[in-house]
Ligand code: SUG
């Protein structure tokens, strides 16, 4: 028995797009799965190192407006001719979290008393942070994986207490949407320990010639296991990145591990997607995103050899100071190939248009002849005030037509479904949520009923 455990594993069947030989790689598409913002969206000030979360802590939120803004972003994508998916909110308040902390059974729990004795724990139980689906999981398209399946690993989100339980619900939601008997391999989250701190696709970029062809997966980490640093937390370890690449069966020559600049983390870039975004052959990033910019670009070129020619677009500090990049969320944009356009489109938050340096930069960017030809601004201000921009709100999943056919159809959107979801939001979400409202037991009942209405509209099982 022991011998079997210690004998070297057989060489993995690394392949060069063998699974897809004969397939038309242009048929696969990138589908964005946006998080539907939940009815308890509030400004809890729960995320150390996230400047917007700290700045807006305690403010009155507007969950109805938040969800409508998110759904309008999804509508824009549908109208552009892209396939758009949605992931459900998580049931909140998180009864199980409070029960485990000794506050009694849900039926007899005194929410008003918890609000007085442990207000932070109650805010955590109410957090709607699952909306930021870029943190839901890391996804590797089937073209990159030895198994020939689409691989998904929910992120343990172990660094922030309010997010550390999300992976359990995320796992169940993903299992309903990407069923195991289909062409999908869903892994459990990594162990919830600081050595394997993982924040999912927010620290992961995939580069390729065509979405359906083999690509290079870039994993960005802020620290190594066991390493400690003063200041803001680094939420992703190298060991977590390596474990995911291993679990997904990526070719070692097509995976790149790069260290995020400490300077960026200290300036408020708590995820790499606050200072970098990439798609196809284009990497758009700030001069201070990586600890070793040249080394990272060289590693990407080497890994992409024979697949694509990297087009790096580096934004210099002299043109956009790191501080402006972070407050405007220029890089927390979606970078997309849109039907009928020969250059990429950057879907950026309106804050980028309202910040002089980034607005100027965007004008020059599209006037040049680089890979990005247009900037489209979207209003997701409610989410932005908690540090979540357009890119935080979506999880990218590359799907072949066969894989798409295996996805639960209830979560693939058209305008009629968006209208139906907006009707639920208008009927059931509050337009004003103050910290004191969390103490009201009636609000708990109302929020859970709104959650049930949403999952019913998506034809998904309730996870409450
Ligand atoms: O983990 N904010 C989230 C924002 C996540 C953004 N995601 C990406 N960059 N991909 C976070 O810090 C704030 C919640 C509060 O304070 O109530 C929060 O969780």
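Here, each number is a calculation from the coordinates, and none is a lab measurement. Small disclaimer: the values here were computed from a predicted structure and weren't measured. Cβ atoms come from the backbone with ideal geometry, glycine included; neighbour counts cover every protein chain shown.
Here are the numbers for the structure shown:
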{"quantity": "Inter-probe distance in nm under a simple model that places probes 7 Å from Cα toward Cβ, at residue 360 and residue 26", "calculated": "4.1"}
{"quantity": "Helix 166-177 vs. the chain, principal-axis angle (Cα, 0 to 90°, nearest 10)", "calculated": "70"}
{"quantity": "Residues 170, 116 arranged by fewest to most Cβ contacts within 10 Å", "calculated": "116, 170"}
{"quantity": "Net lengthening on full extension, residue 462/residue 439 (0.36 nm per residue, minus Cα-Cα)", "calculated": "5.9 nm"}
{"quantity": "Per-residue Cβ neighbour rank within 10 angstrom, fewest leading, 418, 265", "calculated": "418, 265"}
{"quantity": "Relative packing of 224-231, 278-285, 54-61, which averages over residues the other C-beta atoms within 10 Å, highest first", "calculated": "278-285, 54-61, 224-231"}
{"quantity": "Part-to-part distance (alpha-carbon centres) for segment 125-141 and segment 53-112, which is given in Å", "calculated": "11"}
{"quantity": "Fraction in percent of alpha-carbon pairs per bin - 10 Å, the chain", "calculated": "4, 21, 33, 27, 12, 3, 0"}
{"quantity": "Residue-averaged [θ]222 nm for the chain, counting only DSSP H segments that reach four residues, each worth -39500 (n - 2.57)", "calculated": "-9000 deg cm²/dmol"}
{"quantity": "Share, in percent, of DSSP beta bridges within the chain that are antiparallel, nearest 5", "calculated": "50"}
{"quantity": "Exposure proxy ranking, count of Cβ atoms within 10 Å, fewest first, for 126, 43", "calculated": "43, 126"}
{"quantity": "Share, in percent, of DSSP beta bridges within segment 160-262 that are antiparallel, nearest 5", "calculated": "45"}
